[in-house]
1. If a residue has to be more than 27 Å from R394 (Cβ to Cβ) and within 15 Å of the ligand (Cβ to nearest atom) to count, how many in segment 283-298 make the cut?
2. Cβ-Cβ below 6 Å, separation at least six or inter-chain, first residue in segment 270-289 and open to solvent by 20 Å² or more (accessible area, probe 1.4 Å), second in a loop (DSSP other than H, G, I, E, B) and within 16 Å of the ligand (Cβ to nearest atom): which pairs?
3. In segment 34-68, what residues are part of a strand (DSSP E or B) and of a type in the set (A, V, I, L, M, F, W, C)?
4. Test of understanding: among S170, S182, which residue is small (G, A, S), out of contact with any helix residue (DSSP H, G or I) (no Cβ under 6 Å at 6 or more places or on another chain) and within 16 Å of the ligand (Cβ to nearest atom)?
5. Can you list the strands (runs of 3 or more DSSP E) found entirely within segment 103-170 that contain at least 1 residues being touching a strand residue (DSSP E or B) at 6+ places or on another chain (Cβ under 6 Å) and open to solvent by 10 Å² or more (accessible area, probe 1.4 Å)?
6. Please verify whether segment 189-199 includes one or more residues that are open to solvent by 20 Å² or more (accessible area, probe 1.4 Å), within 16 Å of the ligand (Cβ to nearest atom) and either touching a strand residue (DSSP E or B) at 6+ places or on another chain (Cβ under 7 Å) or of a type in the set (S, T, Y) (or both).
7. Return yes or no: is C379 among the hydrophobic types (A, V, I, L, M, F, W, C) and on the phi > 0 side of the Ramachandran plot?
8. With the structure loaded, tell me whether T96 is open to solvent by 20 Å² or more (accessible area, probe 1.4 Å), in contact with a Gly (Cβ under 6 Å, 6 or more places away or on another chain) and not basic (K, R) or whether it fails that test.
Amino acid sequence: MQKLFPICRSITGNDVRKTLNIIQKIIPITQKEIPSGTKVFDWTVPDEWNIKDAYIKDKKGNKIIDFKKSNLHIVGYSIPFEGKLSLKELKEHLYTLPEQPEVIPYITSYYRRRWGFCLADNDYKQLKEGMYEVNIDSTLKPGSLTYGELIIKGKTDEEILISTYICHPSLANDDLSGPAVSTYLAKYLLNRKEKLRYTYRIIFIPETIGSISYLSLHKNHLKKDVVGGYVVTCIGDPGPFSYLQTRQENTLIDRITIHALKHSEKEYKIYNFIEKGSDERQYNSPGIDLPIGSLMRTKYGQNPKYHTSADDLNIVTPKALFESLEMYKLCVDVLEKNYKYITTIPCEPQLGKRGLYPTLSTKTSYKTVRDMMNLLAYCDGKNDLLWIAEKINRPIWSLFPIVEQLVDNKLIKIVKEYK
Ligand code: ZN
């Protein structure tokens, strides 16, 4: 994140490519380009934006706003401009956040051509009458929209979609924590010893136009194969976990994530889909209907630092990022192991002769046997393991070793892969 933080990302441009190049050193993503002007559903891929420098000088020649000091100073997608303006004329192009006078707001104008600068309201109030020299060394012309993609093949074609966005400039929690956690989740999936059950599609896209473009290109395939997934964002701060449910609610991904949060004994909050705000809007939209939720820490908009220069590397912590990654890994492990099982023998099997019944009766052995018997009682081929874990109120991961023993002893078997 420290490497990626200074880069002036946007929805297109060389700094998106530079960002993907850095991620590519850790995981083997492929970079793809969609030309400007491409029709994607109701939208059009915009021209590509690149910026080298931007500043405002006062009459003494002092740079009072300098893009080189913070890339949040420039309104994203500002058109090139050079000229001298009075303070009154200049103010038409200045943006501040009066209710948070110390921070620089993050503002963009992707779909209307304009130029502008953002600054702290405290600095804005210091501006004196006089002429100002403005210089924006940017280009906005046909090029392409760049995204990164990594597909990790599993045993089945059923897919889990992990989507994260890479379009914000120097902002840490929204959005850099998302690509950071997604990168290391991908690395975890790539390094797993067991062959994965699901195919994982991990995409690094610009928000909104990126997911719309991606869906426009891959809709049929995704509709056929995706069983669930996540938008990964706002995942690096030490606040409690939060989970934004899919539109349909109670889908596989909702059940898994809520179960994992509930049994991890961590503080968490569940949001309904009406609180949506990121690419899940596109994935869950009618006609697309992909069950994509979003596991976050402090949700965008809930933190006053959101979309301001205060969302810097100080608000994300290595510990929180690590915990978040662990939570995603846990959800993936549950996904991978959540099969439907059926018993192979009618009535209760004799556990003792298979060495599954403890010869010494203690409190813990009693608990394990009880879980084993309960598990057997519900392995009717209709309920998945998650349903059983919920039914008997145990964390699903506490059942994994028991399932393994029962499978090894041929007392239960997988009936059908979950869809
Ligand atoms: Zn954002």
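The values are calculated or read from the model by the stated rules, or taken from the named source; none is laboratory data. These numbers come from a predicted model, not from an experiment. So basically every Cβ, Gly included, is an ideal-geometry build from the backbone, and we count neighbours across all protein chains shown. Surface accessibility is based on the protein's heavy atoms, side chains included, excluding ligands, DNA and RNA. Shrake-Rupley method; radii C 1.70, N 1.55, O 1.52, S 1.80 Å.
1. Within segment 283-298, the subset more than 27 Å from R394 (Cβ to Cβ) is 283-290, 292, 298.
Adding the requirement that they be within 15 Å of the ligand (Cβ to nearest atom) leaves 298.
Count: 1.
2. That search, which allows pairs on different chains as well, returns G277/Y300.
3. Within segment 34-68, I34, V40, W43, W49, I51, A54, I56, I64, I65 meet the criteria.
4. S182
5. Values: elements: 131-141, 144-152, 159-165.
Once the strands (runs of 3 or more DSSP E) in segment 103-170 are filtered for at least 1 residues that are touching a strand residue (DSSP E or B) at 6+ places or on another chain (Cβ under 6 Å) and open to solvent by 10 Å² or more (accessible area, probe 1.4 Å), what remains is 131-141, 144-152.
6. No, because not a single residue in segment 189-199 is open to solvent by 20 Å² or more (accessible area, probe 1.4 Å), within 16 Å of the ligand (Cβ to nearest atom) and either touching a strand residue (DSSP E or B) at 6+ places or on another chain (Cβ under 7 Å) or of a type in the set (S, T, Y) (or both).
7. Details: among the hydrophobic types (A, V, I, L, M, F, W, C): yes; on the phi > 0 side of the Ramachandran plot: no.
No; evaluated as a whole, the condition is false for this residue.
8. no
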